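Please read the structure below before turning to the comments.
Please treat every number below as a calculation from the coordinates, not as lab data. Computed from a predicted structure; not experimentally measured. Note that we place each Cβ from the backbone using ideal geometry, even for glycine, and neighbour counts take in every protein chain shown.
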Amino acid sequence: MNIKIVFALCGCLFYANGFSQSKTIAELLSEIEQNNTELKGYQSLTESQQRKYKSANNPPDPQVSGYYLPFGTHQTSDYTEFEISQSFEFPTVYAARSKWNNLKAEQLQASFTKKRQEVLIQAKQGLINLFILQKQKSIEDERKLQSQKVYEQVQELFNKEQVGILDLNKAKVAWLQEQFKVEQIQTKIQNQLTVLQSLNGGQPLEVTDLQLELPLQLQSLETLWNDKLAKDPKVLELKVSEASALQKVALEKNKVLPNLALGYNHQGVNGNNYSGVYGGLSIPLWNSKNKVKAAQTQYEYQQSNVQMATAILYSQFQQDYNQYQLLFGKYNEYRETIADLNSEDLLFKAYSLGEYSYLEYYMELQFYRDATDKMLQMEKQIQLLQAQLLIHQL
């Protein structure tokens, strides 16, 4: 019986522990993607536009007309006529337009993917900011506790008349400053949570134990760039726009061909009737004038635009990559150096033993704290740069 109870308790604890685990960054981004109201609206707009393009390739509705002419001075039976006809463009036009519509649908999908990417990178940047703020708060909580201990220690020394009122006031101000820093960070955390909740469609996110992987050594510049060219929706949208413009030229060339019409005609008078096939075509003299040239000019513009936009993207990508490599090296040097020092604890012990005056202790402490804060901000910059460089993987 006791064994069963133990197993039941272990099972409950395991379940509770698993349930309380925080979600990974990828899981949080997936949740935001599902709940984001802007993406839902944009997806509906994309589907609507895709259907609109498809409907543009439908032929005109068939036409039915009839005549019954009983009035007049004729001596014969009344005249009747019935006709049904269907007009349509030259068959190759529909094939060309279908290809153009498919490319426009791809362009719309790339546009939606780009919007999705914009939302997710905003969310990822927000999660990075939140992670750094949470990490900073943990550090400031320790500093606040340490400042309180120092203040209480100086208070005791002041009561024993071993230090003056100036040292006591400095210690108190330092403690108040740390309290204020913690409150400021807590406000920033709450504001960041509000932004993330808005991105998540107004629903709260489980970010109590948010964790990020350490910045990683990236692949070579050319490898990453080739991967970006193959996956990034901004690049894909440019390529599809160029292909769509080229297909538009082919479509306009096909539209120069005449439109066709087929039908059935029945005529009846004086007890006799005639019926047969109706056919016709349009002569394309005016409607297609200059449209092929306009489409060709648009294609040439798209070609130039793709080349220019790709060059700008590569230039920015190269700058971000070089900046990342510089920060990555310096960050690792900072991290290794500061991790081995354990300077704040050593300084506090030295101060507690009377090896430093309060002013000396505070000045030395600020030096190491500034270094730690700088390393934390460097980590934030690296994480944000890494997210930007790998944005095509979202």
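Some observations on this one:
- Total charge dipole magnitude, the chain, about the Cα centre, Cβ charges on Lys, Arg, Asp, Glu only, Debye to nearest 20: 1340
- Exposure proxy for 42, 79: other Cβ atoms within 10 Å of each Cβ, ordered fewest to most, give 79, 42.
- Low-density loop cleavage sites - trypsin sites (Lys or Arg not before Pro) in segment 245-310, where at most 15 other Cβ are within 10 Å (DSSP): 289
- Contour excess over end-to-end distance, with Cα ends at residue 77 and residue 338 and 0.36 nm allotted per residue: 82.9 nm
- Electrostatic bookkeeping for residue 261 treats Lys and Arg as +1 and Asp and Glu as -1; over the other residues with beta carbon under 12 Å from its beta carbon, the sum is -2.
- Over the chain, relative contact order from alpha-carbon pairs under 8 Å, at least 6 apart, %: 23
- Neighbour counts of other Cβ atoms within 10 Å put 315, 85, 111, 352 in the fewest-to-most order 315, 352, 85, 111.
- Of interest is the spacing of the C-alpha centroids, which for segment 290-321 and segment 84-123 amounts to 19 Å.
- Where labels lie 7 Å past Cα in the beta-carbon direction, separation of residue 273 and residue 179 in nm: 10.3
- By the count of other C-beta atoms within 10 Å, a proxy for reagent exposure, 97, 335, 116 are ordered fewest to most as 335, 116, 97.
- Residue (of 299, 58, 76) at the positive-pole extreme of the chain, dipole from beta-carbon charges: 76
- Projecting the Cα positions of 92, 329, 164 onto the charge dipole of segment 24-393 (unit charges on Cβ atoms of Lys, Arg, Asp and Glu, taken about the Cα centre) puts 92 furthest along the positive direction.
- Rounded to the nearest 500, the helix-only mean residue ellipticity at 222 nm of the chain stands at -25500 deg cm²/dmol, with each DSSP H run of n ≥ 4 adding -39,500 (n - 2.57).
- Ranked packing of 366-372, 98-104, most packed first, by mean Cβ within 10 Å: 98-104, 366-372
- Working value for the chain: equivalent-ellipsoid semi-axes of 76, 27, 19 Å, each the square root of 5 times a Cα gyration tensor eigenvalue, largest first.
- Karplus 3J(HN,Hα) series, Hz, for segment 303-318 with 6.51 cos²θ - 1.76 cosθ + 1.60 (x for Gly, Pro): 4, 5, 5, 4, 5, 5, 5, 5, 5, 5, 4, 5, 4, 5, 4, 5
- Computed label-point distance, nm, for sites residue 368 and residue 288 using a 7 Å Cα→Cβ extension: 8.3
- Residues whose amide H falls under 5 Å from that of residue 278, counting only those 5 or more places apart or on a different chain, are 263, 264, 265, with hydrogens built in the peptide plane.
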